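A short worksheet on the structure shown next.
The values are calculated or read from the model by the stated rules, or taken from the named source; none is laboratory data. Quick caveat, the model's predicted, so the values are computed rather than measured. When we count neighbours, we look across all protein chains shown, and the Cβ atoms used for this are built from the backbone with ideal geometry, even at glycine.
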Amino acid sequence: MATPTTGRTAGGGSSVGVGGASTDEAAVTPSATSATTAAAGADAAPTTPPGPPDHRGGVVIWALVGVLLAALALTTWGRWILSSEEFGRVEVLGPDEFPTWRLVLLRISEVASVVEMSTIVYLVAIRPWRRARRLGIEAKIALGCFLGSVSDGFLNTQEYLFAWNQHSINVGSWSSFLPFADPDHQSRYAEGIVWGTPMYMYFCIGVALVAVPAIQRMRRRWPGIRNGTALSVVFVAACVFDFVVENVFIRLDHGYAYAQAPESVTLFAGSQYQFPLYEMVLVAALGVFFTNLLLSARDSPDGRSWAERGVERLAPRWRGPASWLAVIGASMTAFFLVYHLPFNWLGLVGDSAADLPSYLLPSR
């Protein structure tokens, strides 16, 4: 009887022959062939055990922040609307007269602000939905900016730092219903929601919608430009934009004024038109924040912003809500930390009181 002989092939697998015959002439059993293939495959491409799951990204944290801050906005506005004392037009006080031509300019500003906000809503929400039946990062940021406008009430929760014109279209203010509001603060002032709320759109998502394409053009012209350099250009441009727009509001239609600010960092200190320089710095910082948020989504292969990182770890049914809430949470946090916290601190230590006409004062 012939005895099987076994040799090593060049590839390291086994070859089985009969009676010392060559492997080309040998009869090979199916089991031997399988063993040979498995051994060769193991030698050629060893398997690597799976690594730990990717836990990068804080989408869950940002989404939880979004839930809390959105709930704060909705409950604050809800309590305000249901209030018999705070919800309602603020009475115009005398004795200072508000000229008709300034009133006309104020109404023009209000109409222009509504048109501006409506345009942004159309560009980021209505048009994309009509075209593709989906909404992108721009719509998420815009909703975050709208809900973030609730933070405007923090301007005067301690002292009257930001003066509003009683002739503005208004229904009072919601400052009394925000956390940390001083029970004795002057809450009956004319929050100009027709032009005040749109500011949270065009100084934030509006700046981002213009700045991101500008940065992309800069990259094409100067391929080596860094994000920090490009965002610095946006910051300077946003400072100029804010200074011009705000001083138009302050001087022409008397829409508002800065009631109290540190004299050392304030232009025209002591006058009705005093302008704290940190105002344009803080507003420009918001513009850069939202530009960076939008830019991170445009640069990402999956279209996700840094606030949405890690959403793939969630179950598919939670990814959409988590993405929306994360962007809302990041956006609203920026208003509180980037703008209102430093603005209030600087205003409260301010030593320059503006000389205000009666129509820029609270009624109580």
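Here is a yes/no grid of residues against (1) in contact with a Cys (Cβ under 8 Å, 6 or more places away or on another chain); (2) buried (at least 20 other Cβ atoms within 10 Å of the Cβ):
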| residue | (1), (2) |
| --- | --- |
| Val234 | no, yes |
| Gly255 | no, yes |
| Phe268 | no, no |
| Gly287 | yes, yes |
| Arg298 | no, no |
| Arg313 | no, no |
| Pro316 | no, no |
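Taken over region 149-179, the residue count meeting the criterion of being touching a Ser or Thr at 6+ places or on another chain (Cβ under 9 Å) and within 15 Å of Gly78 (Cα to Cα) is 11.
Counted as qualifying within region 117-211 are the helices (runs of 4 or more DSSP H) with 1 or more residues that are modelled with pLDDT of 95 or more and within 14 Å of the chain's Cα centre (by Cα), namely 137-148, 193-200. The single condition among (1) part of a helix (DSSP H, G or I); (2) within 17 Å of Leu155 (Cα to Cα) that Pro362 does not meet is (1). Has region 87-108 got at least one residue that is in contact with a strand residue (DSSP E or B) (Cβ under 8 Å, 6 or more places away or on another chain) and surrounded by 14 or more Cβ atoms within 10 Å (Cβ to Cβ)? Yes; the residues of region 87-108 include at least one that is in contact with a strand residue (DSSP E or B) (Cβ under 8 Å, 6 or more places away or on another chain) and surrounded by 14 or more Cβ atoms within 10 Å (Cβ to Cβ). All of (1) under 30 Å from Arg79 (Cβ atoms); (2) touching a strand residue (DSSP E or B) at 6+ places or on another chain (Cβ under 8 Å); (3) of a type outside the set (Val, Ile, Thr); (4) not in a loop (DSSP other than H, G, I, E, B) hold for Asn247 with one exception: (1).
If His185 meets every condition in (1) in contact (Cβ under 8 Å) with a residue 24 or more places away in the chain; (2) out of contact with any Asp or Glu (no Cβ under 8 Å at 6 or more places or on another chain) apart from one, which number is that one? Here His185 clears every test but (2). Checking Ser331, Ser352 one by one, the residue that is of a type in the set (Ser, Thr, Tyr), more than 18 Å from Asp152 (Cβ to Cβ) and in the same structural domain as Arg102 (by TED's automatic domain parsing) is Ser352 and no other. Across region 304-318, a minimum of one residue is classified as within 26 Å of Thr197 (Cβ to Cβ) and not in a helix (DSSP H, G or I).
Residue pairs whose Cβ atoms lie under 7 Å apart, separated by 6 or more positions or on different chains, with the first residue in region 349-363 and at pLDDT below 95 and the second buried (at least 19 other Cβ atoms within 10 Å of the Cβ) and in a loop (DSSP other than H, G, I, E, B), are Pro362/Tyr160; Pro362/Tyr189; Ser363/Val90.
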